[in-house]
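Peer 1: First the structure, then my questions, so here it is.
The values are calculated or read from the model by the stated rules, or taken from the named source; none is laboratory data. All values reported here derive from a predicted model rather than from experimental measurement. Here the Cβ is made from the backbone with ideal geometry for all residues, glycine too, and neighbour counts use every protein chain on show. Please note that ligands, DNA and RNA were not included when accessible areas were found on the heavy atoms of the full protein model with its side chains. Shrake-Rupley method; radii C 1.70, N 1.55, O 1.52, S 1.80 Å.
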Amino acid sequence: MTQLNLAQENIFLTCCAKHSVDDKKKNAWKPFQREGTPPMWCRDRLVDVQHILIEIEPNFETKSLSGFATLTVSAINEGTEFVELDAAEMKIAGVKVRGKPVHFHHDGQKLCVHFDNAPKPDKPFDITVEYATTPRRGAYFVGPDKAYPNKHREMWTQGQDEDSRYWFPCFDYPNEKATTEVIAKVPAGMISLSNGKLIKVTRKSDHELHHWKQAIPHVAYLVTLVIGEYTKIKDSWDGIEVSYYVPPGREEDGKRSFSRTPAIMKLFSEKTGVRYPYEKYSQITAVDFIFGGMENTTATTQTELTLHDARAHLDFKSDGLVAHELAHQWFGDYVTCRDWSHAWLNEGFATFMETVWCEAEEGWAETQYYFERDMKAYLDEDRGAYRRPIVTNVYREPLDLFDRHLYQKGALVLHHLRATIGERLFWKSINHYLNKHAKSSVITQDLINAIQDVTGRNMEWFFDQWVFSGGHPDFKISAKWDDKSNQLELNVVQKQAKDELTAIFRVETKVRFVWEGGEETRDFELSEVSHRYFIKLPKRPKMVLFDPGNTVLKTVELDYTEEMLIEQLKGDKDDVMSRVYAARELGKKGTIAATDALAEAVLKDAFWGVQAECAGALGKIHSDRALDALIAARAVKNPKARQAVAISLGQWRGDKAADALLPMLYRDDSYFVETAAASSLGKTRSPKAYDALMSALGKESYNDTIRSGVFNGLCELRDMRALKTVRDWTTYGRSWQARLSAIVALGRLAHDSTEDRDKLMARETLEPLLEQDFRTTLSAIAGLQALNDLKAIPALDRCAQASLDGRIKRRAQDAAQAIREGAGAPKELKELREDYDKIKKDYDDLKNRLIKLEGDKGGGKKHKAKAK
C-alpha cells in the first residue's frame, strides 16, 4: 500500500511539524502514542479458513451490496462451539453450516456463528452467510453528479488495514490466508477486475456474471473487486498476462504511467530468485482512491492521480508507485506480515524495492538521491512528529503504523543491511526468506533467522538497534592534518542523546581518503560515543569521505576546512551524497569562496540532485551574491534542478527576486517549476506578486499542481484581497485538486487576517467539509489547524469520534491538540513573525556589507577578473 502524496497532504504535514518536549521522559521526542495506550497482540484463530466464495451484487443507484459469503473452514481444536467472523455494519439475513440454518448473533460488528455440534478438527465444512450492506468503508461507489458531470462511474473495494469486513463477512486479520472466488453481477457495458483468473463470464439481458478465482492463498485485506467502464491495455511478461485498466480516453496516459511494469516484474523476479508467482498482474485506476496504491493480489488498484500527460512526464514518473505495489506481490502478498506490528516486512521491503528498480533503470546517482528523499521524509517525522521503533505493538489503529518509520526508514534499514552483509549474501538471504515462508505469514524474527541461515552471522544486534529501537546515529566528523607527522587526526562522534528509545549505534562503515595522485579506503567499526584515530597517509588528504556511497542511515555534520569541502563538492562524480553533504556545509559557511563554489556547482554538476542542494545552500546563504548566482541558475536544463532554484529564490523579499521568478511562472516547460515559482513569488511580498498569481489561477496543469502553488503563494503573500477568491475555489464543483488546495489555503490565509470576521468566515466554510469524502475531510482538518481557532475544536473532536478511518481520527485529534497548545498564540506569533522579518532584513544587510568588505580585500576582485 502506498500512502497518498498530494499537495494538500504535504501542506498539512508542514503545518503540523512541531517539536515537542516531554519533560517526564527528559528527551525531545513526542511519544508515538498517548501514555497508557495498551499493546495489541496477534489475534487468535478458532478455525482455519481455507477458501472464501463471495457471490455479490452491487447496486450503483443505492450504493449498496448484497449477496452470499461461503467460508470453507476446519476447526483447529476439539470442542469448538462457535466461530466469530468480522461483519461490520451489515444486515445478516441468515447463516447456514453445511447447508443447514444455525443460530447466530450479530452485534453490528462481529458475527458469532454457533455450531449445533462441535466440528471435528481438521475436517473442512462450509459456513454460508447471506448479507446486505450500504458500506461506509471497504467498498466505495463513485460517479457523476450535477457539480461533476464527467466524473467516472465505478465501484472499488479497499481492504487494508481491516476494512474487508465492511463488504463481506470474513476473518479480517493478516494471520489467516485462504484461496478465494468472487462471482460478481456486473452491469451491462462495464468490466470487472478481481484476484486471480477470470474463469467464466455468463451473459444475461442487462448484466453479466463474472467469476474470478484466486488459486494461491492470501489474506482477506487483499481481496478486491473493481467494476466500471474501463479500457483494457494488454501487455505481458514471460507468458504471464500483464494489463492496465484506465478510463476511456486515458489510454496514452495509461501506457505512459504503467508501461514499465513488465521490465520491473522481470527485474524483481531475477533479484529475488523467485519468479513472479501468480497467473496474471493487472493495474486499475480508481477515482477518489483513499491511498496511492493497493497491492491486491494480482490486481493492484492505483490512484487515478498517477495518470499523467507528456508535459508532466518531463519530471514525474509513475515508476516508483508501480514498483512499490508490484514488489508487494512478493513482500506482503506471497509472504505476509503475521500481525500489524511487523508491517514493515510489507512496506519497508516494497519501498526498498522502488530503489532497486531505480538503480537498474536510472543508475546509481539517481538511486543515492532516491534514498536521500526517503531519509528526508523519515527525518521530517522523526524530528517533527514523533520517534518510535519500526516494530511496535503499541498503537490505537493499525493505520497509525503506516507512517514514515514503517516505509522510508524500513527501506533505509534494508539498504544498510545490504551493505553490511554484502550484495550476494543479501539477495541469497532474501531468496531463502521468500522460499521458506512462501504463502504464509511472518514476523521479523523469521527474516533474522533467514539471514543467519545463509550468512552464518547473528544479526540480532543489528535489528535490535535499527528495528526494535528508535532513532539513528547523528555523527560529527572532524579531520585535522599534521604536516610534521604526516598523520590525519580523525574524530567520529555520535551526538544523539542516549535514552530508553535511542542507542549509541554499532556501525560498520568505510572512510575513503583521497590525496593528490592516490587514495585509500579503510574499514571502521564504530560503537562508542566518540572515536579518535591517527591515520598515516602519504600526503595531506584533499578529501575525507565518511561512508562513501552513503549506505548508513544517519545524519552527519562535517567539521572540515572550507578548502576540503570545496574539493569534496567537486569530487567523485559517482558519489552523489558526498557532494550533497559538502554543499550543505558550505551553505552554513556563507563566505565568498563557499558562495562561488556553490554557484559553479549549481550550473555545472552532472547530477540534478546536487544542483538542487546547491540551490538550497545558496538560499540559506541569502546574500546578494547568492541571489545573483540563483538568477543565473534559472538556465539549468534539468527541470527538477530548476524547481529547486525557484524554491530558493523565494528566500528573498522584493522585486529583484520577483522579477527572476515571473518568467519561470509564465513560461517554463515544467508544471512543477511553474508551481514552485508561484509559491516563491508570494514569499517575495513584491507588489507585482498579487496580480501575477491571480492571473496564474487560469493555468491548467497535471492534477492542478500550478493552482496549488498559486494558493500557497497567496498564503505566503498574506494579501487579504485573495480571501474571497480562495473561498470561491473551495466550492463543491470547482476543479477537484485545486479545491482541496484552496480548502487548506483558506485556513492559512485567514489565520493571518486581523479581522475576526475573516476567521469566522473561514471556520464556517471549513467545518461542514469535515463531513465529506476522505480527501476533502483531510484538507479541512489541515485548514482548521492552520486557522488555529479554539472554536474549531468541537468540530474536530466530533470528526475524530465519528470517522471510521484511522488517519482521519488521528489527524483530527492532533489538530485539535495543536490548537489547544497554541491557544492565545496568534497575536504573539504575528508579532514574533514581524520582529523576525525585521531582524532578518537587518542581518542580511549587515552580511552583504561584510561580504562586500571581504570582496574588496581581494576575493571578489579575483572572481570578477576570472569572469572577464
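Peer 1: Only one of (1) in contact (Cβ under 8 Å) with a residue 60 or more places away in the chain; (2) assigned to a strand (DSSP E or B) fails for residue 62. Which number is that?
Peer 2: Looking at each condition in turn, residue 62 falls short on (2).
Peer 1: Evaluate the following for residue 149: is it crowded, with 19+ Cβ neighbours inside 10 Å, in a loop (DSSP other than H, G, I, E, B) and out of contact with any helix residue (DSSP H, G or I) (no Cβ under 9 Å at 6 or more places or on another chain)? Step through it out loud before you land on a result.
Peer 2: Values: crowded, with 19+ Cβ neighbours inside 10 Å: no; in a loop (DSSP other than H, G, I, E, B): yes; out of contact with any helix residue (DSSP H, G or I) (no Cβ under 9 Å at 6 or more places or on another chain): yes.
Here the answer is no, as residue 149 does not meet what is asked.
Peer 1: Right, residue 189: in contact (Cβ under 8 Å) with a residue 24 or more places away in the chain, in a loop (DSSP other than H, G, I, E, B) and either of a type in the set (A, V, I, L, M, F, W, C) or open to solvent by 40 Å² or more (accessible area, probe 1.4 Å) (or both) or not?
Peer 2: Values: in contact (Cβ under 8 Å) with a residue 24 or more places away in the chain: yes; in a loop (DSSP other than H, G, I, E, B): yes; either of a type in the set (A, V, I, L, M, F, W, C) or open to solvent by 40 Å² or more (accessible area, probe 1.4 Å) (or both): yes.
Against the criterion (in contact (Cβ under 8 Å) with a residue 24 or more places away in the chain, in a loop (DSSP other than H, G, I, E, B) and either of a type in the set (A, V, I, L, M, F, W, C) or open to solvent by 40 Å² or more (accessible area, probe 1.4 Å) (or both)), residue 189 qualifies.
Peer 1: Right, here's the next one. For the subset of segment 393-417 comprising residues that are in contact with a helix residue (DSSP H, G or I) (Cβ under 8 Å, 6 or more places away or on another chain) and open to solvent by 20 Å² or more (accessible area, probe 1.4 Å), which member is nearest to residue 270 (Cα to Cα)? Before you say what the answer is, go through the steps one by one.
Peer 2: Looking only at segment 393-417, we keep the residues that are in contact with a helix residue (DSSP H, G or I) (Cβ under 8 Å, 6 or more places away or on another chain), and these are 393, 395-417.
Next, from what is left, pick out any that are open to solvent by 20 Å² or more (accessible area, probe 1.4 Å): 393, 396-397, 404, 408.
Numbers: 393: 34, 396: 39, 397: 36, 404: 28, 408: 24 Å.
Once the filter is applied, the top-ranked residue is 408.
Peer 1: Please pick out the residue among 436, 376 that is free of Cβ contacts under 8 Å to residues at least 40 places away in the same chain, of a type outside the set (A, V, I, L, M), open to solvent by 20 Å² or more (accessible area, probe 1.4 Å) and under 29 Å from residue 811 (Cα atoms).
Peer 2: Working: 436 fails: under 29 Å from residue 811 (Cα atoms).
The conditions single out 376.
Peer 1: Follow-up question, since we're still on this one. Name the residue, out of 529, 467, that is aliphatic (A, V, I, L, M) and either within 29 Å of residue 432 (Cβ to Cβ) or touching a Gly at 6+ places or on another chain (Cβ under 9 Å) (or both). Reasoning before the result, please.
Peer 2: Values: 529 fails: either within 29 Å of residue 432 (Cβ to Cβ) or touching a Gly at 6+ places or on another chain (Cβ under 9 Å) (or both).
Just one listed residue meets the conditions, 467.
Results for (1) within 17 Å of residue 678 (Cα to Cα); (2) at pLDDT below 95; (3) assigned to a helix (DSSP H, G or I); (4) not small (Gly, Ala, Ser), shown as yes or no for each residue.
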position: 597; (1), (2), (3), (4): no, no, yes, no
position: 600; (1), (2), (3), (4): no, no, yes, yes
position: 628; (1), (2), (3), (4): no, no, yes, yes
position: 632; (1), (2), (3), (4): no, no, yes, no
position: 652; (1), (2), (3), (4): yes, no, no, yes
position: 660; (1), (2), (3), (4): yes, no, yes, no
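Peer 1: If I ask for residues that are out of contact with any helix residue (DSSP H, G or I) (no Cβ under 7 Å at 6 or more places or on another chain) and open to solvent by 30 Å² or more (accessible area, probe 1.4 Å), which ones from segment 254-272 would you list? It would help to see each step written out before you state the result.
Peer 2: The first filter runs over segment 254-272 and keeps only residues out of contact with any helix residue (DSSP H, G or I) (no Cβ under 7 Å at 6 or more places or on another chain), leaving 254-255, 259, 262-263, 266, 269-270.
Passing the criteria: 255, 259, 263, 266, 270.
Peer 1: Scan (1) acidic (Asp, Glu); (2) open to solvent by 30 Å² or more (accessible area, probe 1.4 Å); (3) more than 25 Å from residue 365 (Cα to Cα) for the single condition residue 674 breaks and write down its number.
Peer 2: For residue 674, the exception is condition (2).
For (1) surrounded by fewer than 16 Cβ atoms within 10 Å (Cβ to Cβ); (2) closer than 18 Å to residue 559 by Cβ, each residue gets a yes or a no:
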{"position": "488", "(1), (2)": "no, yes"}
{"position": "495", "(1), (2)": "yes, yes"}
{"position": "505", "(1), (2)": "no, no"}
{"position": "508", "(1), (2)": "no, no"}
{"position": "517", "(1), (2)": "yes, no"}
{"position": "520", "(1), (2)": "yes, no"}
{"position": "527", "(1), (2)": "yes, no"}
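Peer 1: Note down all Cβ pairs under 6 Å where the first residue falls in segment 670-689 and is under 15 Å from residue 705 (Cα atoms) and touching a residue at least 12 places away in the same chain (Cβ under 8 Å), the second is among the small types (Gly, Ala, Ser) and open to solvent by 10 Å² or more (accessible area, probe 1.4 Å), and they're at least six residues apart or on different chains.
Peer 2: So the pair list comes out as 671/701.
Peer 1: Kindly provide the set of residues from segment 639-671 that are open to solvent by less than 30 Å² (accessible area, probe 1.4 Å) and among the β-branched types (Val, Ile, Thr), ordered by number.
Peer 2: Result: 645, single match.
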